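J.: Below you will find the structure I want to go over with you.
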Amino acid sequence: MAWTHVEWACGHHGNQQMFGKTSSREAEVARQAGRKCYACWLVEKWEAEGDPRAKREDRYILAGKIAEGKGIRIIDLPETAPTEIENPLAKYSIEELEAEIARRK
């Protein structure tokens, strides 16, 4: 058993507990480098399934704790992430927006 440094395709990095020969651990690190980290994968899965955990601001920290229980330590996860991006134009009707576009031409 060894803790091996891994950098995932999503940009996060951390350590993963790996077992077996050095050559098989190196192959696993190369395979992990082409994937998202466990936390990003888990949050994406929650969003696809409509899981309520996907709407929590601390969803990446929660997913990181779940990953740590599986022998994966992800170091640079965001502590909070907004659940919805507010559209500043949502308060205007389509007609008002079209009138403003026409006025600015």
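The values are calculated or read from the model by the stated rules, or taken from the named source; none is laboratory data. In this text, all values refer to a predicted model and were calculated from it rather than measured experimentally. Ideal geometry is used to build each Cβ from the backbone, glycine not excepted, and the neighbour counts take in all protein chains shown.
J.: Among the numbered criteria (1) under 30 Å from His5 (Cα atoms); (2) modelled with pLDDT of 90 or more; (3) of a type in the set (Asp, Glu), which single criterion is violated by Glu95?
T.: (1) is the only condition that Glu95 fails.
J.: Please state which one of Arg103, Arg53, Arg31 is farther than 28 Å from Asn15 by Cβ, among the basic types (Lys, Arg) and not in a loop (DSSP other than H, G, I, E, B).
T.: Arg103
J.: Do we find that Leu97 is assigned to a helix (DSSP H, G or I), out of contact with any Ser or Thr (no Cβ under 8 Å at 6 or more places or on another chain) and surrounded by 16 or more Cβ atoms within 10 Å (Cβ to Cβ) in this structure?
T.: When the stated conditions are applied, Leu97 does not pass them.
J.: Filter the stretch 37-69 down to the residues that are closer than 21 Å to Ala2 by Cα, surrounded by fewer than 17 Cβ atoms within 10 Å (Cβ to Cβ) and in contact with a helix residue (DSSP H, G or I) (Cβ under 7 Å, 6 or more places away or on another chain) and list them by number.
T.: If the condition is that a residue be closer than 21 Å to Ala2 by Cα, surrounded by fewer than 17 Cβ atoms within 10 Å (Cβ to Cβ) and in contact with a helix residue (DSSP H, G or I) (Cβ under 7 Å, 6 or more places away or on another chain), then Ile66 is the only one that fits.
J.: Counting only residues that are over 18 Å from Thr80 (Cα atoms) and either part of a loop (DSSP other than H, G, I, E, B) or in contact (Cβ under 8 Å) with a residue 24 or more places away in the chain (or both), how many does the stretch 34-50 have?
T.: Residues that pass the stated criteria total 4.
J.: Hey, Tyr92 hits all of (1) more than 15 Å from the chain's Cα centre (by Cα); (2) surrounded by 11 or more Cβ atoms within 10 Å (Cβ to Cβ); (3) in a helix (DSSP H, G or I) but one; which does it fall short on?
T.: Result: Tyr92 fails condition (3) only.
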